[in-house]
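Written out below as structure tokens is the structure these notes cover.
The values are calculated or read from the model by the stated rules, or taken from the named source; none is laboratory data. Small disclaimer: the values here were computed from a predicted structure and weren't measured. Glycine gets a Cβ as well: all are built from the backbone with ideal geometry, and neighbour counts include every protein chain shown.
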Amino acid sequence: MILLAITPGLGFQPQAWREVLRSGIDAFLIREKAMPARALLEAVRWCQDAAPELALWVAGRLDVALAAGCGLHAPEAYPDLGPGLAPLSRPLHAESQWLARASSDQLLISPIFASPGKGEPWGPERLHRFLDGLPAAAPRLLALGGVDPENAAVLRHARLAGIAAIRPFWDGDPAEAVARFRG
């Protein structure tokens, strides 16, 4: 199971980021909307030096993703990109978005469980019905939104590659959260 940790939007905090990067996660999404481009690029490069083995994504900044050679997570209203610019991650909030986003490298299906300000949750049953109808050769799919080590097991499905989360990795010991997700 792939575990993608998403930064909490509190700015670059090297000690906290280092703990999460070294916790056993597989990928890291820098979602720091308030950081200016240069500071964000420096943070991305710091992450690449600190954890070169991790898949790294930056939210909403194609310029930074291209300069750093990492993936871009394009938020909901982000314009479509030409093919091959950078690895592309997109949110998927409704089944109707599938056709337009199926060529992405990664989709974050959200929200799975109740999550503040994120709309009506999918729930495990809806998620499984959606996953059952997908082709085998589609983007990597991760569940996001209210997912924690206690409720992640009910989401297991052959088409679901893993979990994306914020709070489990930033509230408490991130290595313990990883162990509980994988346990």
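Kindly indicate which of ALA27, ALA86, ALA50 is out of contact with any Cys (no Cβ under 8 Å at 6 or more places or on another chain) and surrounded by 16 or more Cβ atoms within 10 Å (Cβ to Cβ).
Numbers: ALA86 fails: out of contact with any Cys (no Cβ under 8 Å at 6 or more places or on another chain); ALA50 fails: surrounded by 16 or more Cβ atoms within 10 Å (Cβ to Cβ).
Being out of contact with any Cys (no Cβ under 8 Å at 6 or more places or on another chain) and surrounded by 16 or more Cβ atoms within 10 Å (Cβ to Cβ) holds for just one of ALA27, ALA86, ALA50, which is ALA27.
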On the given criteria, is ALA152 at pLDDT 95 or above and closer than 21 Å to LEU54 by Cβ?
yes
Tell me, yes or no, whether the range 102-114 has at least one residue that is crowded, with 18+ Cβ neighbours inside 10 Å, out of contact with any Lys or Arg (no Cβ under 9 Å at 6 or more places or on another chain), part of a helix (DSSP H, G or I) and among the aromatic types (Phe, Trp, Tyr).
no
Does ALA39 meet the test of being hydrophobic (A, V, I, L, M, F, W, C), in contact with a Gly (Cβ under 7 Å, 6 or more places away or on another chain) and surrounded by fewer than 15 Cβ atoms within 10 Å (Cβ to Cβ)?
no
Applying the selection to the range 161-183, what residues are under 13 Å from the mean Cα position of the chain (by Cα) and over 23 Å from GLY11 (Cβ atoms)?
ALA161, GLY162, ILE163
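I'd like the full set of residues that are part of a loop (DSSP other than H, G, I, E, B), within 14 Å of ALA143 (Cα to Cα) and of a type outside the set (Phe, Trp, Tyr), limited to the range 115-124. Walk me through how you get there before you give the answer.
Taking the range 115-124 and keeping what is part of a loop (DSSP other than H, G, I, E, B), we get 115-122.
Filter once more, keeping what is within 14 Å of ALA143 (Cα to Cα): 115, 118, 121-122.
Matches in the range 115-124: SER115, LYS118, PRO121.
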In the range 115-133, the residues that are modelled with pLDDT under 95 and surrounded by 15 or more Cβ atoms within 10 Å (Cβ to Cβ)
SER115, LYS118
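When you go through LEU62, LEU92 one by one, which is the residue that is hydrophobic (A, V, I, L, M, F, W, C) and surrounded by 17 or more Cβ atoms within 10 Å (Cβ to Cβ)?
Details: LEU62 fails: surrounded by 17 or more Cβ atoms within 10 Å (Cβ to Cβ).
When all the criteria are applied, what remains is LEU92.
One residue is enough: does the range 35-55 have a residue meeting the conditions part of a strand (DSSP E or B) and touching a helix residue (DSSP H, G or I) at 6+ places or on another chain (Cβ under 7 Å)? Walk me through how you get there before you give the answer.
So the first thing to find is which residues in the range 35-55 are part of a strand (DSSP E or B), and the list is 55.
When the remaining residues are screened for being touching a helix residue (DSSP H, G or I) at 6+ places or on another chain (Cβ under 7 Å), the result is none.
Checking the range 35-55: not a single residue is part of a strand (DSSP E or B) and touching a helix residue (DSSP H, G or I) at 6+ places or on another chain (Cβ under 7 Å).
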Considering the range 134-164 alone, what residues qualify as being under 18 Å from LEU88 (Cα atoms) and surrounded by 17 or more Cβ atoms within 10 Å (Cβ to Cβ)?
PRO139, ARG140, LEU141, LEU142, ALA143, LEU144, LEU160, ALA161, GLY162, ILE163, ALA164
If you check GLU125 against the conditions, is it acidic (Asp, Glu) and over 30 Å from PRO14 (Cβ atoms)?
yes
Pairing a residue in the range 10-24 that is on the phi > 0 side of the Ramachandran plot with any residue that is among the aliphatic types (A, V, I, L, M) and buried (at least 17 other Cβ atoms within 10 Å of the Cβ), where Cβ atoms lie under 8 Å and the two sit 6 or more apart in sequence or on different chains, gives GLY11/MET35; GLY24/LEU3; GLY24/VAL178
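Rundown of residues vs (1) part of a helix (DSSP H, G or I); (2) modelled with pLDDT of 95 or more; (3) closer than 19 Å to ALA34 by Cα, yes/no style:
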{"position": "TRP57", "(1), (2), (3)": "no, yes, yes"}
{"position": "VAL64", "(1), (2), (3)": "yes, yes, yes"}
{"position": "ALA67", "(1), (2), (3)": "yes, yes, yes"}
{"position": "PRO75", "(1), (2), (3)": "no, no, yes"}
{"position": "PRO79", "(1), (2), (3)": "no, no, no"}
{"position": "LEU85", "(1), (2), (3)": "no, no, no"}
{"position": "PRO91", "(1), (2), (3)": "no, yes, no"}
{"position": "SER96", "(1), (2), (3)": "yes, yes, no"}
{"position": "LEU99", "(1), (2), (3)": "yes, no, no"}
Checking ALA67 against (1) surrounded by 15 or more Cβ atoms within 10 Å (Cβ to Cβ); (2) under 16 Å from the mean Cα position of the chain (by Cα), the condition it does not meet
(2)
